[in-house]
Amino acid sequence: MKKHTNLSIGLVFLILSLSAAVGCKKQAPVAPSSQQATPAASQQNPTENQPAKNNPPAKDPKQDNPAPQTQHAGVHWFTDYEQARAKAVKENKDLLINFSGSDWCGFCIKLEKDVFSQAAFAQEAEKYFVFMLVDFPSNPASQSPELRKQNELLARIYPFKNYFPMIFLAGPDGKPYAEAEYKEGGPQVYLDYLLRIRQYKNQ
(Lines give C-alpha, C1' and ligand atoms only; values in the text may rest on other atoms or scores of the structure.)
Protein backbone atom coordinates (compact mmCIF):
# COMPACT_ATOMS: atom_id res chain seq x y z
CA MET A 1 0.00 0.00 0.00
CA LYS A 2 2.75 2.35 0.96
CA LYS A 3 4.41 1.73 -2.35
CA HIS A 4 1.17 2.48 -4.18
CA THR A 5 0.68 5.60 -2.10
CA ASN A 6 4.19 6.85 -2.77
CA LEU A 7 3.77 6.05 -6.46
CA SER A 8 0.51 7.95 -6.61
CA ILE A 9 2.00 10.95 -4.85
CA GLY A 10 4.97 10.85 -7.19
CA LEU A 11 2.69 10.83 -10.25
CA VAL A 12 0.72 13.78 -8.91
CA PHE A 13 3.88 15.84 -8.39
CA LEU A 14 5.13 14.87 -11.86
CA ILE A 15 1.86 15.97 -13.53
CA LEU A 16 1.82 19.27 -11.60
CA SER A 17 5.41 20.00 -12.49
CA LEU A 18 4.78 19.29 -16.18
CA SER A 19 1.69 21.52 -16.18
CA ALA A 20 3.60 24.36 -14.56
CA ALA A 21 6.43 23.99 -17.09
CA VAL A 22 4.09 24.20 -20.09
CA GLY A 23 2.15 27.20 -18.74
CA CYS A 24 5.23 29.31 -18.02
CA LYS A 25 7.04 28.60 -21.18
CA LYS A 26 7.60 31.82 -23.14
CA GLN A 27 6.68 31.80 -26.74
CA ALA A 28 9.75 31.87 -28.86
CA PRO A 29 10.21 35.28 -30.55
CA VAL A 30 8.84 35.31 -34.06
CA ALA A 31 11.16 36.69 -36.69
CA PRO A 32 9.51 39.67 -38.39
CA SER A 33 8.12 38.87 -41.78
CA SER A 34 8.99 40.89 -44.83
CA GLN A 35 5.72 42.77 -44.34
CA GLN A 36 6.46 43.70 -40.73
CA ALA A 37 8.76 46.65 -40.35
CA THR A 38 11.07 46.90 -37.39
CA PRO A 39 10.59 49.98 -35.20
CA ALA A 40 13.67 51.58 -36.75
CA ALA A 41 12.30 51.05 -40.22
CA SER A 42 8.75 52.09 -39.48
CA GLN A 43 9.70 55.38 -37.85
CA GLN A 44 10.81 58.08 -40.26
CA ASN A 45 13.88 59.98 -39.50
CA PRO A 46 12.59 63.51 -38.80
CA THR A 47 15.40 64.94 -40.90
CA GLU A 48 14.91 62.51 -43.77
CA ASN A 49 13.51 64.03 -46.96
CA GLN A 50 13.35 67.39 -45.22
CA PRO A 51 15.65 70.37 -45.72
CA ALA A 52 17.84 71.25 -42.83
CA LYS A 53 16.70 74.27 -40.87
CA ASN A 54 19.91 76.09 -41.59
CA ASN A 55 19.99 75.00 -45.21
CA PRO A 56 16.98 76.30 -47.16
CA PRO A 57 16.04 74.31 -50.26
CA ALA A 58 18.11 75.11 -53.29
CA LYS A 59 16.43 77.48 -55.71
CA ASP A 60 16.16 76.90 -59.36
CA PRO A 61 18.94 79.07 -60.84
CA LYS A 62 16.54 79.97 -63.65
CA GLN A 63 14.39 81.82 -61.14
CA ASP A 64 17.20 84.06 -59.93
CA ASN A 65 18.88 84.29 -63.31
CA PRO A 66 16.19 84.07 -65.96
CA ALA A 67 17.31 83.49 -69.49
CA PRO A 68 17.68 86.76 -71.36
CA GLN A 69 14.72 87.53 -73.56
CA THR A 70 15.56 87.64 -77.21
CA GLN A 71 14.59 90.81 -78.96
CA HIS A 72 12.75 88.84 -81.62
CA ALA A 73 10.67 85.79 -80.82
CA GLY A 74 9.05 86.21 -84.22
CA VAL A 75 7.57 89.01 -86.26
CA HIS A 76 5.41 91.57 -84.51
CA TRP A 77 1.92 91.40 -85.94
CA PHE A 78 -0.24 94.49 -86.09
CA THR A 79 -3.96 93.88 -86.09
CA ASP A 80 -4.90 97.56 -86.39
CA TYR A 81 -4.51 98.53 -90.03
CA GLU A 82 -4.10 102.26 -89.41
CA GLN A 83 -1.37 101.66 -86.84
CA ALA A 84 0.46 99.32 -89.20
CA ARG A 85 0.27 101.80 -92.04
CA ALA A 86 1.43 104.69 -89.82
CA LYS A 87 4.49 102.69 -88.78
CA ALA A 88 5.25 101.78 -92.38
CA VAL A 89 5.08 105.46 -93.39
CA LYS A 90 7.19 106.57 -90.46
CA GLU A 91 9.92 103.97 -91.10
CA ASN A 92 9.57 103.94 -94.90
CA LYS A 93 8.89 100.21 -95.01
CA ASP A 94 6.53 98.08 -97.01
CA LEU A 95 3.48 96.35 -95.58
CA LEU A 96 3.12 92.59 -95.54
CA ILE A 97 -0.61 91.97 -95.16
CA ASN A 98 -1.41 88.39 -94.23
CA PHE A 99 -4.98 87.16 -94.71
CA SER A 100 -5.01 84.11 -92.49
CA GLY A 101 -7.18 81.49 -90.82
CA SER A 102 -4.81 81.24 -87.92
CA ASP A 103 -6.43 78.35 -86.03
CA TRP A 104 -7.93 76.21 -88.79
CA CYS A 105 -5.95 76.71 -92.02
CA GLY A 106 -3.17 74.13 -92.16
CA PHE A 107 -0.88 76.14 -94.44
CA CYS A 108 -1.43 79.30 -92.37
CA ILE A 109 -0.44 77.44 -89.21
CA LYS A 110 2.59 75.90 -90.90
CA LEU A 111 3.73 79.24 -92.34
CA GLU A 112 3.46 80.85 -88.92
CA LYS A 113 5.32 78.01 -87.23
CA ASP A 114 8.06 77.51 -89.80
CA VAL A 115 8.65 81.12 -90.87
CA PHE A 116 6.90 84.02 -89.15
CA SER A 117 7.56 82.83 -85.59
CA GLN A 118 11.27 82.28 -86.25
CA ALA A 119 13.71 84.86 -84.89
CA ALA A 120 16.03 84.35 -87.86
CA PHE A 121 13.27 85.46 -90.20
CA ALA A 122 11.97 88.31 -88.03
CA GLN A 123 15.35 89.95 -87.51
CA GLU A 124 15.88 90.37 -91.23
CA ALA A 125 12.34 90.71 -92.56
CA GLU A 126 11.42 93.52 -90.19
CA LYS A 127 14.11 95.63 -91.83
CA TYR A 128 11.88 95.75 -94.92
CA PHE A 129 8.31 95.07 -93.81
CA VAL A 130 5.70 95.98 -91.24
CA PHE A 131 3.52 92.93 -90.63
CA MET A 132 -0.26 93.20 -90.64
CA LEU A 133 -2.46 90.22 -89.72
CA VAL A 134 -5.98 90.07 -91.13
CA ASP A 135 -7.29 87.03 -89.33
CA PHE A 136 -10.48 85.05 -89.90
CA PRO A 137 -10.47 82.51 -87.03
CA SER A 138 -12.84 79.57 -86.73
CA ASN A 139 -14.71 81.38 -83.96
CA PRO A 140 -15.41 84.97 -85.04
CA ALA A 141 -16.73 85.73 -81.55
CA SER A 142 -13.16 85.53 -80.28
CA GLN A 143 -12.55 88.90 -81.96
CA SER A 144 -14.01 92.25 -81.06
CA PRO A 145 -16.78 93.58 -83.33
CA GLU A 146 -14.47 96.42 -84.37
CA LEU A 147 -11.73 94.01 -85.45
CA ARG A 148 -14.15 91.82 -87.40
CA LYS A 149 -15.57 94.87 -89.16
CA GLN A 150 -12.09 96.10 -90.09
CA ASN A 151 -11.02 92.70 -91.44
CA GLU A 152 -14.17 92.30 -93.51
CA LEU A 153 -13.58 95.76 -94.96
CA LEU A 154 -9.96 94.91 -95.83
CA ALA A 155 -11.13 91.72 -97.55
CA ARG A 156 -13.18 93.95 -99.88
CA ILE A 157 -10.51 96.62 -100.38
CA TYR A 158 -7.75 94.17 -101.30
CA PRO A 159 -8.23 91.66 -104.13
CA PHE A 160 -8.79 88.85 -101.63
CA LYS A 161 -9.83 85.63 -103.37
CA ASN A 162 -11.13 83.84 -100.27
CA TYR A 163 -8.30 81.34 -99.93
CA PHE A 164 -5.68 81.22 -97.21
CA PRO A 165 -3.01 82.19 -96.62
CA MET A 166 -3.18 85.12 -99.02
CA ILE A 167 -0.41 87.65 -98.61
CA PHE A 168 -0.15 91.07 -100.17
CA LEU A 169 2.99 93.18 -100.31
CA ALA A 170 2.11 96.86 -100.33
CA GLY A 171 3.84 100.18 -100.18
CA PRO A 172 3.67 102.36 -97.06
CA ASP A 173 0.48 103.89 -98.42
CA GLY A 174 -1.18 100.47 -98.39
CA LYS A 175 -1.34 100.10 -102.16
CA PRO A 176 -0.53 96.47 -103.06
CA TYR A 177 2.08 95.72 -105.67
CA ALA A 178 2.44 91.93 -105.38
CA GLU A 179 0.95 88.77 -103.94
CA ALA A 180 2.80 86.04 -102.07
CA GLU A 181 1.81 82.56 -100.99
CA TYR A 182 2.94 79.69 -98.82
CA LYS A 183 6.31 78.29 -99.77
CA GLU A 184 8.31 75.51 -98.13
CA GLY A 185 11.94 75.81 -97.15
CA GLY A 186 12.05 77.69 -93.87
CA PRO A 187 12.92 81.25 -92.83
CA GLN A 188 15.73 82.04 -95.24
CA VAL A 189 14.04 80.58 -98.30
CA TYR A 190 10.88 82.52 -97.58
CA LEU A 191 12.74 85.76 -96.92
CA ASP A 192 14.60 85.43 -100.22
CA TYR A 193 11.29 84.76 -101.94
CA LEU A 194 9.73 87.95 -100.50
CA LEU A 195 12.74 90.09 -101.33
CA ARG A 196 12.75 88.86 -104.94
CA ILE A 197 9.14 89.96 -105.26
CA ARG A 198 9.90 93.27 -103.59
CA GLN A 199 12.47 94.12 -106.26
CA TYR A 200 9.73 94.50 -108.85
CA LYS A 201 7.47 96.86 -106.89
CA ASN A 202 8.46 99.91 -108.97
CA GLN A 203 8.37 98.16 -112.32
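Structure values in brief
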{"read-out": "Any chance Gln150 is out of contact with any Cys (no Cβ under 6 Å at 6 or more places or on another chain), more than 21 Å from His76 (Cα to Cα) and of a type outside the set (Phe, Trp, Tyr)", "value": "no"}
{"read-out": "Checking Leu169 against (1) over 16 Å from Tyr81 (Cα atoms); (2) touching a residue at least 60 places away in the same chain (Cβ under 8 Å), the condition it does not meet", "value": "(1)"}
{"read-out": "Meets criteria (surrounded by 17 or more Cβ atoms within 10 Å (Cβ to Cβ), assigned to a strand (DSSP E or B) and not basic (Lys, Arg)) for Phe121", "value": "no"}
{"read-out": "Selection count where residues are at pLDDT 95 or above, in a loop (DSSP other than H, G, I, E, B) and surrounded by fewer than 17 Cβ atoms within 10 Å (Cβ to Cβ), scope region 160-183", "value": "2"}
{"read-out": "Selection count, region 80-118, where residues are assigned to a helix (DSSP H, G or I), touching a residue at least 40 places away in the same chain (Cβ under 8 Å), surrounded by fewer than 17 Cβ atoms within 10 Å (Cβ to Cβ) and within 29 Å of the chain's Cα centre (by Cα)", "value": "2"}
{"read-out": "Test: residue in region 124-132 that is in contact (Cβ under 8 Å) with a residue 40 or more places away in the chain and among the hydroxyl-bearing types (Ser, Thr, Tyr)", "value": "yes"}
{"read-out": "Count of residues meeting criterion [in contact (Cβ under 8 Å) with a residue 40 or more places away in the chain and over 31 Å from the mean Cα position of the chain (by Cα)] in region 181-203", "value": "4"}
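The values are calculated or read from the model by the stated rules, or taken from the named source; none is laboratory data. Being a predicted model, the structure only gives us computed values, none of them experimental. Note: ideal-geometry Cβ built from the backbone for every residue, glycine included; neighbour counts use all protein chains shown.
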